[in-house]
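Comments concern the structure below.
What follows draws every value from the coordinates through simple rules; no lab data is involved. Just so it is clear, the structure is predicted and the values come from calculations on it, not from any experiment. Please note: Cβ atoms are built from the backbone with ideal geometry, for glycine as well, and neighbour counts cover all protein chains shown.
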Amino acid sequence: MEVIERAVSLVKAGQASAICTAPIAKKELVDHARFAFPGHTEFLAHLGGVDDVVMMLASDTLKIVPATIHIPLAQVAEALTERGLETTIRMTAAAMTRDFGIANPRIAVAGLNPHAGEGGMLGHEELAFIAPLCDRLRAEGLDLAGPLPADTMFHERARAAYDVAIAMYH
């Protein structure tokens, strides 16, 4: 915790331009160091004084941002909201432009349910708010595809159609 706090203070003071983190043993920190956060993403947000935060997992072949982070899978459907998803999409688009130099990033949005809900047969979140949100953001000019079935959007040919993916959970 002290190392992360020090790294953030160096960035805030202009003595470093970024930090890179590795996985942390969250349970150990909670059990033995009074760590009050579900992960260091939320800890970094706290140290930075920001309310909204996204986590991008990035490599040369895939960039993915989960819409919900550090919660049990059983809580994802309840935690996933239109406002939260919209914030995630907008912050991701801005980061792709600012940090990766992509003026109009192509964003693929996964559905929550198998086969993106299969028209409501396998879940309603896609129809209730994910698809309408994607439609509204497309009308504003964002280059969005989705909601897409998560089980078919990560193979090599599918990844060639987008710059970053938004997944519903971490």
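For this structure, a couple of remarks:
- Taking a ≥ b ≥ c as the square roots of the Cα gyration tensor eigenvalues, the range 93-170 comes out oblate, since a/c reaches at least 1.5 and a/b does not exceed b/c.
- The range 66-146: GluC sites (Glu not before Pro) in DSSP loop, at most 13 other beta carbons within 10 Å: Glu140
- Secondary structure note: in the chain, about 15% of the DSSP beta bridges are antiparallel.
- Taking label points 7 Å from Cα along the Cα-to-Cβ direction, Glu2 and Arg138 give a separation of 5.3 nm.
- Nearest-ten-degree value, helix 2-12 long axis tilted from longest Cα axis of the chain: 80
- Shape category assigned to the range 66-118 from the gyration tensor of Cα positions, a/c cut at 1.5: prolate
- Taking all Cα pairs closer than 8 Å and separated by 6 or more residues, the relative contact order of the range 29-170 comes to 29 percent.
- Within the listed set Arg136, Arg90, Arg106, the Gaussian network model of the chain (springs between alpha-carbon atoms below 10 Å) gives the highest mean-square fluctuation for Arg136.
- Computed as a quarter of the hull surface, the mean projected area of the alpha carbon convex hull for the range 22-138 stands at 8.9 nm².
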